[in-house]
Amino acid sequence: MRYFLLITAILHCLAAPLAAGPWLREEGKTFLSTSVSSTRTFETQSSTYLEFGLSRETTLVADLNLTASDPSGKNGSAVLFFRRALGPAEGENKLAYEVGIGADWGSYGTRPMVKTGLTWGRGMQMGAKGGWVTVDGSLLWDIKTKDYRAKLDGTFGVDLGDTTKGILELNLGHADGSTYATFVPSLVIRPPVTDFQIQLGIEAPLKGIATNRIKIGLWREF
C-alpha cells in the first residue's frame, strides 16, 4: 500500500496521451495498439489494446493479453469495458470511471471477471514541449473465487519533437498474495510517410534484471 501512495504523490507533483487515461475517444474514432515483449530466454507476452468512441460521453475499450512461458503452456486474459467522464470536460484535471467484464484462462480453466476502474489525467506544458501525466487504478474481481487483482499504473509522457514522444511508466499490482512493480521507459516514433507509430521500450521489474523484457509496439489512430 505504501508503494501505491508513493507513486500517486510523485505523479501529482509532475504535472493528452494517445492511449488510456481519462481522455475519451472522439465519436467514431479508433485507437489501436499492439505490442510484444520478451525476456532473454524468450518468455513472451503480447498485448492488443483498442479504444473506440461510441459517443461524446462514452468510449468502448478492449484489452487482450497473452502469455506463453513455454511452447506447451499458455494463458491470457481479455476485458471489454466502457469509459465515461466524471466532471466537466473543459477542466484541467480529467477524471473518468471504467466498468466492464472479461475472463482469464490457463491450465486452471476459464474464470469470468468484473472490472472497475478510476483514472485521472492532466495535460501540461514544459516550455515549447507538451506532455501529460495519468494515474490509472483498477480492480479485477474473479466471479468464481471472489479473489481480486489490484493495479495502479502511473504514466508521464512528453513530446520530444514532431515525430517522437518519451514515456515513463510505473506499473504496480497485487494478485494472489504477492505485489509487483515494473518500470517501463519507452520512445514512440512516427516514421515519415506512415500512419503508424512505433514504440520501443524496456519492461524492468524491480525484483531483478533477469526478468527484464524488450518491448516493441505499433500504434495507430483512424
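The values are calculated or read from the model by the stated rules, or taken from the named source; none is laboratory data. Remember, predicted model here, so these are calculated numbers, not experimental data. When we count neighbours, we look across all protein chains shown, and the Cβ atoms used for this are built from the backbone with ideal geometry, even at glycine. Just so you know, the surface numbers come from the protein's heavy atoms only, side chains and all, with ligands and any DNA or RNA stripped out. Shrake-Rupley method; radii C 1.70, N 1.55, O 1.52, S 1.80 Å.
A few comments on the model shown:
- Output for the range 162-179, where each listed residue is at pLDDT below 85 and open to solvent by 40 Å² or more (accessible area, probe 1.4 Å): D162, D176, G177, S178
- Subset tally (residues that are within 15 Å of the chain's Cα centre (by Cα) and surrounded by fewer than 17 Cβ atoms within 10 Å (Cβ to Cβ)) for the range 114-161: 4
- Within the range 190-222, the residues that satisfy the criterion of being part of a loop (DSSP other than H, G, I, E, B) and either out of contact with any Leu (no Cβ under 8 Å at 6 or more places or on another chain) or surrounded by 16 or more Cβ atoms within 10 Å (Cβ to Cβ) (or both) are R190, P191, P192, V193, T194, D195, L206, K207, G208, N212.
- In the range 19-71, of all residues being among the acidic types (D, E) and not in a loop (DSSP other than H, G, I, E, B), the one that is most open to solvent (accessible area, probe 1.4 Å) corresponds to E27.
- Residue in the range 39-48 that is under 30 Å from T145 (Cα atoms), modelled with pLDDT of 75 or more and of a type in the set (G, A, S) present: yes
- The range 99-113 - residue that is open to solvent by less than 70 Å² (accessible area, probe 1.4 Å) and at pLDDT below 95 and, of those, farthest from D153 (Cα to Cα): G109
- Taking the criterion of being more than 16 Å from the chain's Cα centre (by Cα), modelled with pLDDT of 90 or more and not aliphatic (A, V, I, L, M), the only residue of the range 197-221 that qualifies is Q197.
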